[in-house]
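The values are calculated or read from the model by the stated rules, or taken from the named source; none is laboratory data. Source: prediction; values computed, not measured. Here the Cβ positions follow ideal geometry from the backbone for every residue, glycine too, while neighbour counts run over all protein chains shown. These accessible areas exclude ligands, DNA and RNA; they are computed on the full protein's heavy atoms, side chains included. Shrake-Rupley method; radii C 1.70, N 1.55, O 1.52, S 1.80 Å.
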Amino acid sequence: MPRTRAAVLLVALTLLTGCTVHVTGVPTAGNVEHNGPAGPVPPGLERYYAQPLTWTDCRPLIHDDQSKATFGNPDARCAKLTVPLDYAKPEGRTITVGVLRIPASGERRGALVVNPGGPGVSGMVAAVSLAPRFTRTRLGESFDLVGFDPRGIGVSEPQIRCLTDAEADADRMEPAEDTVAEVEAENKDYAAKCAERSGGADVLANMGTRDVVRDMDVLRSALGEEKLTYLGYSYGTRIGTAYAEAFTGNVRAMILDGAVDPLEDPAQQAIGQAKGFDKALDAFFAQCTDCLIGDDDALTEAVEALEDNPLPVGSRALSASDVVTGIAAALYDDQTWPILQQALDGLAEGDGAQLLLLADLYLGRDQNGEYSNATDALIAVRCVDEPRITDRTEAERVADEIAEATEGSFINGTEPPLPALDVCAFWPAPNTSEPHRPQVDGLPQVLVISTTGDPATPYQAGVSLAKALDARLLTYDAVQHTAFLQRDPCVDDVGVAYLLDLTLPAEDLTCQG
């Protein structure tokens, strides 16, 4: 994979495939609900916590086949939540957060707010995607299912934007830069485009998890919920952890599935993810007895052949970085391994169409060549969430650490990372968080789910998060990313009982996949 994007892709491996929508049409008249304020209201934020929500038909948001699957759901209703851009200046500029709700089918007991991860993935899309499994459980009878697009993402406005569609296509085709100066020049240019196209440094400064959890507490109140019931997947576990720390007394129940370790720095996360995906790739090859590309060496050779000569696919081409991205997309779940085998067999025979499609889905490129802002949003959020490295000596130390820990890794690439300052070093806004042990005294016991063969958020991250939150840990023995409401009745029975009745097993337990 090209060196300049290696670190970004390693972080992006937590990204779940989703689509970001562009608002078109005029919303129809809707049902106005005024349920807030509910629960504690921070001083100065009364008008936000007490705001009514106008629920409208979601169909005016449809703009292509992907969004039709979300906003064409007849049970879904959509609304816009108004929040301050900067919570330190609540009387200043406001922004909006997109919200989607699928009402409970029976006697309503509350709302379950869900976030699918990323950062950069639409929670509105995730809610509709989760609905068929959700409604088949007792949860669907008693809880509204609510998904929101975190600030800057999806139908929320303003949107985080860095690259044009043409620039994103071109970026995937670029060969690896050879020098630190070339990498840093590209990273500096990317950061400048993000500021220019997203509305300025003040917008980017307020796009991190710190502010998303404040929005989620406003949403809790506007929904009329005294306490929050929350389901967070992948990066959504970071949102849940940060919410539990900021609003400990406002938590009713939380399931945090596919954990981000709150104690790890970005380098440790990158190393863990590279090892996790390599482990999943090894497991794929071990069960693939008739693959035309059957091991790491053969795959590396195939990828290296594309570094200077991308494979034509119609009017486009498959690059080396596209192959890595497409493989990563298919490694999230062993149920998609047959698709991966077909894609790699195609590559061996000179056909890159299926791998290119996998990479497009992962990167949010639709059939019209338009990209979601998922990758841009991921980078923007991480640059204000994580400590940044601006010292080149430190950058060299971290590059050496990653190279040593991931030597021989296919996902991490065949070339060691250059000791260049990354995009975040040039970000026009400061970071707002650091790795730390969350302070959650008084938090009711929550449920953490961690999967032994999770490639994107390794198992030990869930162990660490459960310990940090004094949570009950459910171990799922399988190869996939996240588990609740996926397909395993053991996991689902535990989670449903907890969300409904706040009952947890007496001790940590394991479910066999």
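If the condition is being open to solvent by less than 10 Å² (accessible area, probe 1.4 Å) and hydrophobic (A, V, I, L, M, F, W, C), then region 86-99 contributes Ile95, Val97, Val99.
On inspection, Phe71 fails the criterion of being touching a helix residue (DSSP H, G or I) at 6+ places or on another chain (Cβ under 9 Å) and buried (at least 24 other Cβ atoms within 10 Å of the Cβ). Inspection of region 365-381 identifies no residue that is among the hydrophobic types (A, V, I, L, M, F, W, C) and open to solvent by 40 Å² or more (accessible area, probe 1.4 Å). Among the residues making up region 342-356, those that are touching a helix residue (DSSP H, G or I) at 6+ places or on another chain (Cβ under 8 Å) and surrounded by 16 or more Cβ atoms within 10 Å (Cβ to Cβ) are Ala343, Leu344, Gly346, Leu347, Gly352, Gln354, Leu355, Leu356.
Out of curiosity, is Gly442 modelled with pLDDT of 95 or more and buried (at least 21 other Cβ atoms within 10 Å of the Cβ)? Before the answer, list the steps.
On the way: modelled with pLDDT of 95 or more: yes; buried (at least 21 other Cβ atoms within 10 Å of the Cβ): no.
No; evaluated as a whole, the condition is false for this residue.
A single member of Thr164, Thr137, Thr209 is without any contact (Cβ under 8 Å) to a residue 40 or more places away in the chain, of a type in the set (Val, Ile, Thr) and on the phi < 0 side of the Ramachandran plot, and it is Thr164. Among the residues making up region 63-99, those that are modelled with pLDDT of 95 or more and acidic (Asp, Glu) are Asp86, Glu91. Residues satisfying the criterion are present in region 100-117 (criterion: closer than 26 Å to Ala380 by Cα, at pLDDT 95 or above, in contact with a Cys (Cβ under 7 Å, 6 or more places away or on another chain) and surrounded by 18 or more Cβ atoms within 10 Å (Cβ to Cβ)).
For beta carbons closer than 7 Å, sequence separation of 6+ or different chains, a first residue in region 267-284 that is free of Cβ contacts under 8 Å to residues at least 60 places away in the same chain and a second that is part of a helix (DSSP H, G or I) and open to solvent by less than 10 Å² (accessible area, probe 1.4 Å), the qualifying pairs are Phe284/Leu340. A Cβ distance below 8 Å, combined with a sequence gap of six or more or placement on separate chains, defines the contacts here; from region 81-97, residues that are under 21 Å from Asn35 (Cβ atoms) reach residues that are open to solvent by 50 Å² or more (accessible area, probe 1.4 Å) and in a strand (DSSP E or B) in the pairs Thr82/Thr94; Val83/Thr94; Pro84/Thr94; Thr96/Lys80; Thr96/Glu157; Val97/Lys80. Taking the numbered list (1) in contact with a Pro (Cβ under 6 Å, 6 or more places away or on another chain); (2) under 20 Å from Ile95 (Cβ atoms); (3) modelled with pLDDT under 95 in turn, Gly154 passes all entries but (1). Restricting region 467-477 to residues that are open to solvent by 20 Å² or more (accessible area, probe 1.4 Å) and outside any helix (DSSP H, G or I) leaves a set whose member that is nearest to Val440 (Cα to Cα) is Asp470.
Scanning region 159-179 for residues that are touching a helix residue (DSSP H, G or I) at 6+ places or on another chain (Cβ under 8 Å) and surrounded by 15 or more Cβ atoms within 10 Å (Cβ to Cβ) gives Gln159, Ile160, Arg161, Cys162, Leu163, Ala168, Asp171, Arg172, Ala176, Glu177.
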